[in-house]
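Q: Quick one: the structure is below, and I'll ask about it shortly.
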Amino acid sequence: MQADVTEIAPDTFRISTFHPDFGIQFNQFLIRDEEPFLMHTGFRRMFDTTLAGVRSIIDPSQLRWIGFSHFESDECGALNQWLAIAPRAQTLCSFVGATVTVSDFADRAPRALSDGEVVPIGRHRLRFLATPQVPHGWDAGLFYDEAVQTLLCSDLFFQPGDPTALSESDIVGPATDAIRAGIDGPLAKDMPYTPHTDATMRRLAALKPRTLATMHGSSFRGDGEKALAELGAAIRELLGKA
Ligand SMILES: [Fe+2]
Ligand SMILES: [Fe+2]
């Protein structure tokens with residue numbers, strides 16, 4: 001496997017690996033700055049592929065921060081391999097994630113972030129948003145780069161296949177189709193619809209992101225507020241009436 005690297009926003013690189021066994025892309029995002037930040041580590045077994053992608057952008061040993069949304073193998077399976085090769089690297093995750101899982105799993109202590117906390121990494125500023133159960137997991141959170149208005153949105157806007165790196169047209173349609181197609185599949189009920197889901201999606205839309213950095217499928221450049229509002233409506237419609 002080989003990673004494709006694309007700059008989707010200023011100094012924001014999408015490192016994408018299509019995995020034929022899953023039939024989907026696994027996308028990591030590197031923000032190049034004084035304190036480089038990697039969103040998602042990728043799978044443990046994909047570490048060499050992801051590492052090569054990062055190496056094409058920066059010296060991997062200089063990585064300073066590793067963030068992810070929730071504890072799953074594609075989000076943080078290679079965490080300890082990254083901590084081993086980057087001696088200054090520290091994990092950024094939710095308070096719940098640190099308390100419940102990461103403090104024990106990780107070879108170095110994580111930094112637990114509270115909701116709304118900002119981590120400046122140079123010219124870029126990452127705001128952490130605690131989003132429990134969105135896209136899924138008690139520990140879930142998302143990062144928003146305030147400097148270039150990019151929302152690192154993990155599994156939101158999931159699109160299967162191997163689509164283009166950056167779309168300026170519709171990704172809500174394919175993402176909605178994927179939710180609908182998954183309802184009766186073996187991985188069904190991945191996203192719970194809770195009393196907090198609508199408010200969380202409205203909060204994300206209110207950020208007015210210009211770029212949506214998606215973990216599986218095309219990233220999006222355009223009206224992020226509209227896309228998040230439309231995805232929120234689709235989630236409510238398809239998952240809110242079990
Ligand atoms: Fe996930
Ligand atoms: Fe994922």
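Q: Could you list, in sequence order, all residues of segment 187-210 that are within 26 Å of P163 (Cα to Cα), surrounded by 17 or more Cβ atoms within 10 Å (Cβ to Cβ) and out of contact with any helix residue (DSSP H, G or I) (no Cβ under 7 Å at 6 or more places or on another chain)?
A: L207
Q: I need the full set of residues from segment 129-155 which are charged (D, E, K, R), open to solvent by 20 Å² or more (accessible area, probe 1.4 Å) and either part of a strand (DSSP E or B) or closer than 19 Å to M191 by Cα (or both), in order please.
A: D139, D155
Q: F29 fails exactly one of the following numbered conditions: (1) in contact with a helix residue (DSSP H, G or I) (Cβ under 6 Å, 6 or more places away or on another chain); (2) within 20 Å of L212 (Cα to Cα). What is the number of that condition?
A: (1)
Q: So how many residues does segment 87-128 have that are open to solvent by 40 Å² or more (accessible area, probe 1.4 Å) and within 16 Å of ligand 2 (Cβ to nearest atom)?
A: 0
Q: Among the residues of segment 51-68, is any open to solvent by less than 10 Å² (accessible area, probe 1.4 Å), in contact (Cβ under 8 Å) with a residue 40 or more places away in the chain and of a type in the set (S, T, Y)?
A: There is no residue in segment 51-68 that is open to solvent by less than 10 Å² (accessible area, probe 1.4 Å), in contact (Cβ under 8 Å) with a residue 40 or more places away in the chain and of a type in the set (S, T, Y).
Let's see how each residue does on (1) not β-branched (V, I, T); (2) not in a strand (DSSP E or B):
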{"position": "T6", "(1), (2)": "no, no"}
{"position": "F18", "(1), (2)": "yes, no"}
{"position": "N27", "(1), (2)": "yes, no"}
{"position": "T41", "(1), (2)": "no, yes"}
{"position": "D48", "(1), (2)": "yes, yes"}
{"position": "V54", "(1), (2)": "no, yes"}
{"position": "S61", "(1), (2)": "yes, yes"}
{"position": "S69", "(1), (2)": "yes, yes"}
{"position": "D74", "(1), (2)": "yes, yes"}
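Q: Still on this structure, I have one more. Going residue by residue through segment 132-150, is there one that turns out to be of a type in the set (A, V, I, L, M), within 16 Å of ligand 1 (Cβ to nearest atom) and under 25 Å from R64 (Cβ atoms)?
A: Looking for residues that are of a type in the set (A, V, I, L, M), within 16 Å of ligand 1 (Cβ to nearest atom) and under 25 Å from R64 (Cβ atoms), one finds at least one in segment 132-150, hence yes.
Q: Please go through (1) open to solvent by 10 Å² or more (accessible area, probe 1.4 Å); (2) within 26 Å of P10 (Cα to Cα); (3) assigned to a strand (DSSP E or B) for F158 and return the number of the only condition it doesn't satisfy.
A: (3)
The values are calculated or read from the model by the stated rules, or taken from the named source; none is laboratory data. Because the structure is a prediction, the values reported are computed rather than measured. Positions of Cβ are generated from backbone atoms using ideal geometry, with glycine treated the same way; all protein chains shown enter the neighbour counts. Surface areas here come from the heavy atoms of the whole protein model, side chains and all, with no ligands, DNA or RNA. Shrake-Rupley method; radii C 1.70, N 1.55, O 1.52, S 1.80 Å.
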